[in-house]
Amino acid sequence: METAYDFPQRPRRLRRTAAIRALARETRLHPEQLVQPLFVLDRRGGEPESIESMPGQLRLPLNRLVAECGELHALGLRAVAIFPVLSAEKKDAAGCGALDPETLVLRAVRAVKQAHPDLCVITDIALDPYTEHGHDGVLTEDGADVDNDRTVSILCDMAVLNAAAGADFVAPSDMMDGRVGAIRNALDAAGFAGTGILAYSAKFNSAFYGPFREAVGSAAAAGTTLLGKHTYQLDPANRRAARRELDLDAAEGADILMVKPAGPYLDLIREARDRTDLPLAAYQVSGEYAQIHAAARLGWLDLRRARDESLLAIRRAGADIILTYFAKEIAREQQAACASAGA
Ligand code: PBG
């Protein structure tokens with residue numbers, strides 16, 4: 001090559017061809033690192049329901065959930081997070097449904113683990129699917145706040161029920177103080193020392209949960225009612241507070257730490273990565289998914305490129321594991337790419 005200058009460094013050499021770029025690539029998306037969140041409906045069969053603000057995501061009847069898990073597993077995904085969608089009459093002020101031994105999520109976990117024992121099943125530990133007000137815990141007597149310790153005691157019982165149903169990881173997403181340690185003790189005392197805790201450690205009070213709340217019908221707490229989730233979820237302005245929560249959950253015995261949402265909090269993912277040797281997860285939440293879809297629908301963004309870039313950024317920031325509604329399509333595309341490369 002004829003050169004005009006005698007530059008000693010030419011980084012573009014590593015970007016010259018697709019083969020060289022692949023060799024020099026530092027982070028990748030692999031289906032084994034992705035977790036597909038799934039919504040389950042309280043009926044055995046019938047048609048799935050679509051979720052308007054989450055194109056391509058469905059609320060699945062139980063038998064379809066089991067079939068979907070088989071499909072995901074065959075595509076190379078190894079883990080799912082199951083969220084129950086309960087009708088209004090199954091909800092009350094105290095979230096009693098969470099401790100019903102036949103509650104939907106427990107039946108779903110049993111059915112999935114029976115059909116697909118190798119799939120890692122993660123369940124959410126928080127009361128929002130079960131409370132009529134949509135909060136993650138029970139309220140204090142005057143209704144002005146969520147009662148931390150009464151909530152933690154319910155979450156402990158809930159975690160034991162989920163472990164007994166076969167959940168591989170319980171994932172406290174409530175942000176109550178002390179819950180990780182309390183849940184660890186409860187699991188150990190009940191004989192579930194092998195059940196892991198995936199802690200939603202740095203979970204922010206985010207506007208990006210909107211579509212999820214539509215999906216599970218917990219929108220009541222989103223701000224229109226007596227209080228938002230400000231008294232327990234982290235203030236989006238706070239980085240030191242997030243570090244403190246991450247450290248506490250690690251000290252209390254969490255097996256995996258998580259930052260949520262992911263894309264707007266890449267700085268915290270990097271901080272967490274640099275602070276702990278535990279595996280680190282990040283949740284690309286419903287609103288992050290929805291905004292990519294909405295822009296793509298308007299023709300303003302290329303869906304696949306924006307999707308892959310958003311996920312690579314989360315990996316690059318330091319997350320090992322990503323919970324993302326895009327998991328299935330990524331796995332499907334990678335399997336198709338492998339098949340055509342092999343053909
Ligand atoms: C409930 C919970 C929420 C999400 C996961 N678990 C919503 C909330 O805290 O209100 C959000 C996930 C998403 O937006 O994709 N504790």
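For the chain, the fraction of 1.4 Å probe accessible surface lying on carbon and sulfur atoms is 52 percent. In this calculation the C-beta distance from Glu32 to Asp267 is compared with R0 = 25 Å, giving a FRET efficiency of 0.45. By the rule of a C-alpha distance below 16 Å, with chain neighbours fewer than 8 residues away ignored, the lysines paired with Lys229 are Lys203, Lys260. A simple rule links phi to the HN-Hα coupling: the Karplus curve 6.51 cos²θ - 1.76 cosθ + 1.60 with θ = phi - 60°, which for the stretch 100-112 gives 6, x, 10, 5, 3, 5, 5, 5, 5, 4, 4, 5, 5 Hz, with x for Gly and Pro. The radius of gyration of the Cα set in the chain, together with its Dmax, comes out at 21.0, 79 angstrom.
Provide the percentage of antiparallel DSSP beta bridges, counting only those with both residues in the stretch 67-174; round to the nearest 5. Counting DSSP beta bridges with both partners in the stretch 67-174, the antiparallel share is about 10 percent.
Per-residue extension of 0.36 nm, minus the Cα-Cα distance of Asp145 and Ala295, leaves a gain of 50.3 nm for this segment. When each of the peptides 35-43, 280-288 is scored by how many other beta carbons lie within 10 Å of its residues on average, the order from highest to lowest is 280-288, 35-43.
If R0 equals 45 Å, the separation of the Cβ atoms of Ile20 and Ala193 corresponds to a calculated FRET efficiency of about 0.40. The three principal axes of the C-alpha atoms in the stretch 291-343 carry coordinate ranges of 36, 29, 16 Å, sorted with the longest axis first. For the stretch 194-343, the percent of C-alpha pairs falling in each 5 Å distance bin, counted from 0 to the bin holding the largest distance, reads 2, 9, 16, 18, 18, 16, 11, 6, 2, 1, 0, 0. What the stretch 209-343 shows is 47 Å² of accessible area per residue, with the surface traced by a 1.4 Å probe over protein heavy atoms.
If each residue of separation counts as 0.36 nm, what is the full-extension length gain between Asp302 and Arg10 once their alpha-carbon separation is subtracted?
Working: separation 292, 0.36 × 292 = 105.12 nm, distance 3.03 nm.
Taking 0.36 nm per residue and subtracting the Cα distance, the gain is 102.1 nm.
Annotation: peptides 188-197, 125-134, ranked by per-residue average of other Cβ atoms within 10 Å with the highest first, follow the order 125-134, 188-197. For the stretch 28-186, the equivalent ellipsoid built from the Cα gyration tensor has semi-axes of 27, 18, 14 Å, listed from largest to smallest. Extension gain for the segment Leu312 to Asn205, taken as residue separation times 0.36 nm less the Cα-Cα distance, is 36.1 nm to one decimal.
The values are calculated or read from the model by the stated rules, or taken from the named source; none is laboratory data. The shown structure was predicted, so the numbers you read here are calculated from the model rather than taken from an experiment. Note: ideal-geometry Cβ built from the backbone for every residue, glycine included; neighbour counts use all protein chains shown. These accessible areas exclude ligands, DNA and RNA; they are computed on the full protein's heavy atoms, side chains included. Shrake-Rupley method; radii C 1.70, N 1.55, O 1.52, S 1.80 Å.
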